[in-house]
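Structure first, then comments.
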Amino acid sequence: MRRYSLLVPALFLLPAIGVLFFLQFFAWGWNINLVLHDVTLMNFLREWEFVGLENFRTVLTDARTVTSLQNTAIFAFSSISLQMIIGTAISYLLYRAVPKVERFFRPIVILPWLCSVLIAAFGWQLLLSKDIGLLNTIITGLGFARVDFFGGSTTAMISIVLANTWWGTPFTILLMGSGMTSISPQLIEASKVDGASEWIFFTRVALPIILPFILINLILVTVWTINMFGLILAMTGGGPLNATRVFPLHGYLAAFDSGNFSYGATVTVFSVMINIVLIYIYVKIADVELV
Amino acid sequence: MKKGISLLLVLSLIVGVTVVGLADSNEDEKEVIEQKVMTTESAGIERAPFLGPLAGEDMKGKVKDNVYYHMPVVKYETEHPGVDIKLKGEVHPYGDMLKSMTLAVTSQSTFDYIEMDDIWLGKIAESGYLSDDYSEQYKKWANDLGMYDVFKKGSTYKGKWYGLWRATDTRAIWVWKDVLHEAGYTMEDIMSAEGLLNALPDITKTAKEEFDMAGGLEYPFNGKWVVDQWYGWLYQLGGKILKQNEDGDWVAGFNNEAGYRSLNYVKKLKENGATMRRSWQWMLANFLDRNYAMTYEGSWDIVSILEKYPDKSVQEIKEKIGVIPTTVFKGHDMRVLTGGWIWTIPETAEHPDVAYEVLTEMFEDREAYAEMTAYEGKFPTTEWVWESPTYKERMIGEVLPKEWYDRFREGVSGGVWRPFFPEYPDIQKELWDATQKVVMGKATAEEALSTAAENVNEMMED
């Protein structure tokens, strides 16, 4: 058998790695450069003033940062909880369903995840619209007054949480479904013989087996939810009164709505730090070694 | 014989190809100049017979004769027979325009023209992206055409002219007269601020009960530009967005009685039955579909209304629909916000000289300029065009009944403009927050405007 030197595959990989590193380092380098200077739309084409870590202070002392972090926490906690509970429950029901039913429903329940987040956003906007929304048509049909879902702080937050849960849950169903296939059929039989109820089987047998899947799911869903902004931008634009202004949207609006690029770049640095901390906490708690 | 026919065919083919080739080569001799234009649908471009963004397409020839870019470009080409101008349009939704201009600045895009809302001029001019090379010429055109002061100020930044505010519009309240009359009121009754407030509960009740409508007045509330309607009332009562203090510094001019009273007026509109809409998207359609008895939209909808009733004359439409630029507080003069579109040439333009000459064609042929403004259903920023027989003939009767024409002219001449400072877009957000807080009952007008004033003053200090 002909033996190849390690150099050949390395050379083939080099351009791809080079491009990847360039893009990563360039993007980060550019971002850090923005963070260390005072760059706005108004001085972008002129000299940039070096401000050191001043932008971190500005972001941290801004009341809108606090609001956006609170909104992110509410949005993430609600979305992730709903997504995990509903996703795991549906996944378990599909796992325990007879194969015909399972084959029929599985493609249907993953449909939301197949559509773009913007389509989901506009769909929910139409569903909840005060004037032409299906929900309001039902509400008024029942004799109640129309509800302006996007006009109130709480209802707007509930709206984006529901939309995000609807869009994201299929991923949990898919991942948890994979986890459940690793439960040995013998265990189900043994549980039946021992007279374990469905609840006992789920909590004492299935759950410990699928725990690593839950953890991976939790990490991915947390990162995605905390970084979610397209759906919120399209549905509410962060309003009303900043009630749905989540942290990534806060950075985006600062950079591209107000033209404060350094501020926006600083928010992205904080976002990355938050993500790293969360992943570290999850990994530590579960004591799972990620390769 | 067969050989003869074949020879004839071959000869015909050769002659044909040569003729076509010569024609092509004549065409090729023309210098093709690509002119990139950035504008927004709201600038009136949606009136042209094409839809949606046109990135990469040649806009010239796709608009009706004598309208918009078409006419000055064609005139330029006639005077320069060796030039073929291709207009490449980038048409953005209004809400995306500032972001698109921000990206154009950061990437130093080579647009030849940008047509922008006046509220962004300061911010983009401050960035250094817009050319001030034509400052003197813009000023001359404005003076020659008798431009109103408000539009002159809006076309300048730090003493330099960055473009010309070519057309304007005002805010407007559109009314279904049958509902109004059924409720027991006339147009005159709702022209005053107090009159509308007084009539609103009855109009809302009648609209719902007698006409099966969704409501009486639909008011755009949550979009950040909705403060524009409030400005009219603020200025009527003596307030301002910004004013100069005794040291000459610009500070908030709304944290006072005029501000509180005008903002409470918006709140009372809601309390008296106005439906607060998230934005004015679909609002005109909602009104024309008779879902609301009244809507607070803009004068820019005139053409849309005409298009909705192609078989009806302006007079027939006037019998059904009424319009007022804004309500006026008793004892005060009409002040209503005038918006509009400024043509500018960026510093990075690829063919700035051609762009400048095309603008010259546009602003020096006054008759054509007047006709273009009338066709779009826009209002002039200059005394000359308002007085021009071309504009009057085309507008009165074809676009507007005389009564509307006079009312809008009164609105424009008493126009309010938004400050040219680069900080304006952020000031607008502060005031939007304040409006929302008051209408949603989260703060009193005094509290909300006091907080907004603090933030605005801080912005202006920086």
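Taken together, the values in this text are just the output of simple stated rules run on the coordinates, not laboratory data. This structure is a prediction, so every number in the text was calculated from the model and none was measured. Cβ atoms come from the backbone with ideal geometry, glycine included; neighbour counts cover every protein chain shown.
Laid out as a table, the results:
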| quantity | calculated |
| --- | --- |
| Protection-proxy order for peptides B:371-382, B:237-248, each taking the mean of Cβ atoms within 10 Å per residue, highest first | B:371-382, B:237-248 |
| Contact order normalised by residue count of segment B:77-203, Cα under 8 Å, 6+ apart, percent | 16 percent |
| Prolate/oblate/rounded label for segment A:15-286 (Cα gyration tensor, a/c 1.5) | oblate |
| Under Karplus coefficients 6.51, -1.76 and 1.60, residue-wise ³J(HN,Hα) of segment A:39-54 in Hz, glycine/proline x | 10, 10, 4, 6, 10, 4, 8, 10, 6, 9, 7, 6, 10, x, 9, 3 |
| Length-normalised contact order of chain B in % [C-alpha pairs under 8 Å, at least 6 apart] | 23 percent |
| Magnitude of the charge dipole, segment A:15-286, Cβ model with Lys/Arg +1 and Asp/Glu -1, debye to 20 | 620 debye |
| Geometric extent, Cα atoms of the protein assembly as shown - Rg, Dmax (angstrom) | 31.1, 105 |
| Calculated log₁₀ intensity ratio I(q)/I(0) where the Debye formula runs over C-alpha points of segment A:1-141, q = 0.15, 0.18 Å⁻¹ | -1.07, -1.14 |
| Along principal axes, Cα extents of segment B:114-236, largest first, whole Å | 60, 30, 23 |
| Residue exposure sequence - A:K130, B:K158 - by fewest surrounding Cβ within 10 Å | B:K158, A:K130 |
| Scaled radius of gyration (Cα, divided by 2.2 N^0.38 Å) that segment B:356-402 gives | 1.12 |
| Relative frequency of Cα-Cα separations exceeding 33 Å in chain B, percent | 41 percent |
| Neighbour net charge for B:Y76 - beta-carbon separation under 9 angstrom, K R +1, D E -1 | -3 |
| Dipole of segment A:15-286, positive end: most advanced residue of A:Y95, A:F75, A:H250 [Cβ charges, Cα centre] | A:Y95 |
| Between segment A:151-192 and segment B:398-429, the alpha-carbon center distance in angstrom | 53 Å |
| Cα-based helix-to-principal-axis angle, B:70-79 vs chain B, degrees rounded to 10 | 40 degrees |
| In nm, spacing of pseudo-spin labels at B:S304 and B:D462 (7 Å Cα→C-beta vector) | 3.5 nm |
| Leading residue at positive end of dipole, the protein assembly as shown (Cβ point charges), from A:I226, B:G239, B:A214 | A:I226 |
| Using alpha-carbon coordinates, inclination of helix B:402-413 to the longest axis of chain B, degrees | 80 degrees |
| Listed pairs B:K267/B:K392; A:K100/A:K192; B:K75/B:K139; B:K320/B:K378 exceeding 32 Å between Cα atoms | B:K267/B:K392 |
| Positive minus negative residues near A:G133 (Lys, Arg vs Asp, Glu; Cβ under 11 Å) | 0 |
| Using alpha-carbon coordinates, inclination of helix B:193-209 to the longest axis of chain B, degrees | 80 degrees |
| Cβ-placed point charges (K, R +1; D, E -1), dipole of the protein assembly as shown about Cα centre in debye, nearest 20 | 3040 debye |
| Theoretical ellipticity at 222 nm over chain B - DSSP helices of four or more residues, -39500 (n - 2.57) apiece, nearest 500 | -14000 deg cm²/dmol |
| FRET efficiency estimate (nearest 0.05) - Cβ-Cβ, B:K243 to B:D149, R0 22 angstrom | 0.85 |
| Net charge dipole size for segment B:62-166 [Lys, Arg +1 and Asp, Glu -1 on Cβ; Debye, nearest 20] | 180 debye |
| Fewest-first sequence of B:V399, A:V35, A:V277 by Cβ atoms within 10 Å of each Cβ | A:V277, B:V399, A:V35 |
| Approximate spin-label separation A:F105-B:D353, in nm, with each point projected 7 Å along Cα-to-Cβ | 7.4 nm |
| Order of A:L218, A:L20, A:L45 under a 10 Å beta carbon neighbour criterion, fewest first | A:L20, A:L45, A:L218 |
| Radius of gyration and Dmax over the Cα atoms of segment B:398-462, both given in Å | 17.1, 50 |
| Shape of segment B:233-360, Cα gyration tensor, a/c cut at 1.5 | oblate |
